[in-house]
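J.: Quick one: this structure, given as structure tokens, is what I'll be asking you about.
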Amino acid sequence: MDVEGRGTLNMEQGQEKGTQKDDSGLATAHTIDSDSWKQVGLMLVSAFNCGWILSFSNLIMWPLGWTWGIICLLLVGIYTAYANWLLAAFHFVDNRRFIRYRDLMGYVYGKGMYHITWVFQFLTLLLGNMGFILLGGKALKEINSEFSDSPLRLQYYIVITGAAYFFYSFSIPTMSAMKNWLGISAVLTFTYIIFLLFVLVKDGKSNSDRDFDISGSQVSKVFNSFGAISAIVVSNTSGLLPEIQSTLRKPAVKNMRKALYLQYTVGVVFYYGVTVMGYWAYGSAVSAYLPENLSGPRWINVLINAIVFLQSIVSQHMFVAPILEALDTKFLEIDKAMHSGENLKRLFLLRAFFFTGNTFVAAAFPFMGDFVNFLGSFSLIPLTFMFPSMVFIKVKGRTASIQKKAWHWFNVVFSFLLTIATTISAIRLIVDNIQKYHFFADA
């Protein structure tokens, strides 16, 4: 199976040049085998509690209501945790190690699945990064709105956000290099969530007129429900577990599962808590960006939005790292240190090219919720639920019990049908917003 890369390069800041290869000799420009499970677990908890969670009350609870909202949060959360737990076991197949999702699928199912996985994964990560840029821009505009009745256009803040992400990505080029920033990110994360929950409780107690009616026709309710399921998937998984797992020290499978336990216990309490409390406080009037509903005081609103912006700079880096790894492995000079003059120039140009393109698209299509639903349907659902069961059937199908094989075939068929339904729902929402808005809208 052909993979990106002609050689190896150690990417950590301050380190000299060296080699980075997996157990099968596959080359990567980024660091592997270096991180503890606690570091990766903290990264997962912080990343999944980024500012994305401020849209989940609207995207998840508003279309589903209380009963189905809580049921779907629990069931999809458990299902997602199981799927990631299963995928972690296939970091090794036939005594070969796989540090990239596409390499695993290519080895098991051939070159066609390699390319399909590559497209699905990179589409998810690209759309996710655009969503992060929109999120950061929205947070900055909300700060401006607290001090001015005529804030600057959203696009100005999107450009500022893209520039901030670029500089961070250039300075901290790999996932492992985030180590010294994860503590700061965790403090920022829990600070803004605590302040947010304080305001939500205050607003919820004073808002006696809120209602929880699910509006719209029966058809729109069905489509919106599938969109909500997509958003729950997005809230719980990333589609890049093998890439994250590659950074872990051995034993990689055991340590990855420990990190997942941390995400699905500590992490889920906070992002599910904000999702439910936002809906409780404002009912069907909850905004697609929760801080727009907050009653204040002003300093808390400013603080929450400022922290959301700062925290997103660190969190977005985890989700975009596989794309940057592919670019770095292909274009950087493998025989020189990362901070050599030539590699520094190339690294600068690669990051500038990537974030300039993503920032432009985000500015042209500022529809945050649409990105969440689409990436959670067309690509992330297969990556999360379908592909791990496909690997199980191929790798362990001959020795597995008939009950296990039936279960994994059910996962494949069910996730395929769910992908179709949620993708149709996401496309319908995008078409509706295109009719309402124009390019470079000040959303």
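J.: How much FRET efficiency would the formula 1/(1 + (r/R0)^6) give for D213 and S36, where r is the Cβ-Cβ distance and R0 is 35 Å, rounded to 0.05?
T.: Taking R0 as 35 Å, the efficiency between D213 and S36 is 0.15.
J.: Give me the number: length gained by fully extending K250 to L197, i.e. 0.36 nm times residue separation minus the C-alpha to C-alpha distance, one decimal in nm.
T.: 15.3 nm
J.: Normalised by the number of residues in the chain, what is the relative contact order in percent for Cα pairs under 8 Å and 6+ residues apart?
T.: Taking the mean separation of contacting Cα pairs over the length of the chain, I get 32 percent.
J.: At 0.36 nm per residue, and after removing the present C-alpha to C-alpha distance, how many nm does the segment from Y156 to N95 gain when stretched out fully?
T.: The Y156-N95 span can extend by a further 16.9 nm.
J.: Any idea how far apart T399 and Y261 come out in nm if each label point goes 7 Å out from Cα toward Cβ?
T.: 2.5 nm
J.: Tell me the per residue accessible area of the chain using a 1.4 Å probe; a whole number in Å² is fine.
T.: Ligands and nucleic acids excluded, the result is 41 Å² per residue.
J.: About the Cα centre of the chain, how large is the charge dipole given +1 on each Lys and Arg Cβ and -1 on each Asp and Glu Cβ? Please answer in debye to the nearest 20.
T.: Using Cβ point charges on Lys, Arg, Asp and Glu, the chain gives about 1100 debye.
J.: To continue, here is another question. Assigning unit charges at the beta carbon (Lys, Arg +1; Asp, Glu -1) and nothing else, what dipole magnitude in debye, to the nearest 20, does region 135-271 show about its Cα centre?
T.: For region 135-271, the charge dipole is close to 780 debye.
J.: Using a Förster distance of 30 angstrom, determine the FRET efficiency expected from the C-beta separation of D149 and A364, and round it to 0.05.
T.: Calculated transfer efficiency: 0.70.
J.: Of A281, N180, V234, whose Cα points farthest to the positive end of the dipole of region 172-290 (charges on the beta-carbon: +1 Lys, Arg; -1 Asp, Glu; origin at the Cα centre)?
T.: Selected residue: N180.
J.: I need the peptides 323-330, 226-233 ranked by packing, meaning the mean over residues of other C-beta atoms within 10 angstrom, with the highest value on top.
T.: Top of the packing list down: 226-233, 323-330.
J.: Could you list which residues have their amide H under 5 Å from that of D35, counting only those 5 or more apart in sequence or on another chain, with H placed in the peptide plane?
T.: Under 5 Å from the amide H of D35: L248, R249.
J.: When the helices in the chain are scored as -39500 (n - 2.57) per DSSP H run of 4 or longer and the sum is shared across all residues, what 222 nm value do you end up with, to the nearest 500 deg cm²/dmol?
T.: One gets -22500 deg cm²/dmol as the mean residue ellipticity at 222 nm.
J.: Still on this structure, I have one more. Of the listed pairs K179/K250; K141/K221; K141/K330; K254/K396; K141/K345, which have alpha-carbon separations greater than 27 Å here?
T.: Result: K141/K221; K141/K330; K141/K345 exceed 27 Å.
J.: Another question about this same structure. What residues qualify as long-range amide H neighbours of A27, i.e. H under 5 Å apart, gap of 5 or more or another chain, H built at 1.01 Å from N?
T.: Here the answer is none, since no amide H 5 or more places off falls under 5 Å of that of A27.
J.: So for the pair W409, S284, with labels modelled 7 Å out along Cα→Cβ, what separation do we get in nm?
T.: The modelled label-to-label distance comes out at 4.4 nm.
J.: Next up: Hey, what do the phi angles of region 400-408 turn into as Karplus ³J(HN,Hα) couplings, whole Hz, using 6.51/-1.76/1.60 and θ = phi - 60°, x for Gly and Pro?
T.: The phi angles translate into 6, 5, 5, 5, 5, 5, 5, 4, 6 Hz.
J.: Now, a different point. Just to be sure I understand the model, the point goes 7 Å from the Cα along the line to the Cβ. What's the resulting W66 to K205 distance in nm?
T.: 2.0 nm
J.: Between region 413-429 and region 274-293, how far is it from one alpha carbon centroid to the other, in angstrom?
T.: Each part reduced to its Cα centre gives a spacing of 25 Å.
The values are calculated or read from the model by the stated rules, or taken from the named source; none is laboratory data. None of the values given here were measured: they were computed from a predicted structure. Backbone-built Cβ (ideal geometry, glycine too); neighbour counts: all protein chains shown. For accessibility, only protein heavy atoms count, side chains too; no ligands or nucleic acids. Shrake-Rupley method; radii C 1.70, N 1.55, O 1.52, S 1.80 Å.
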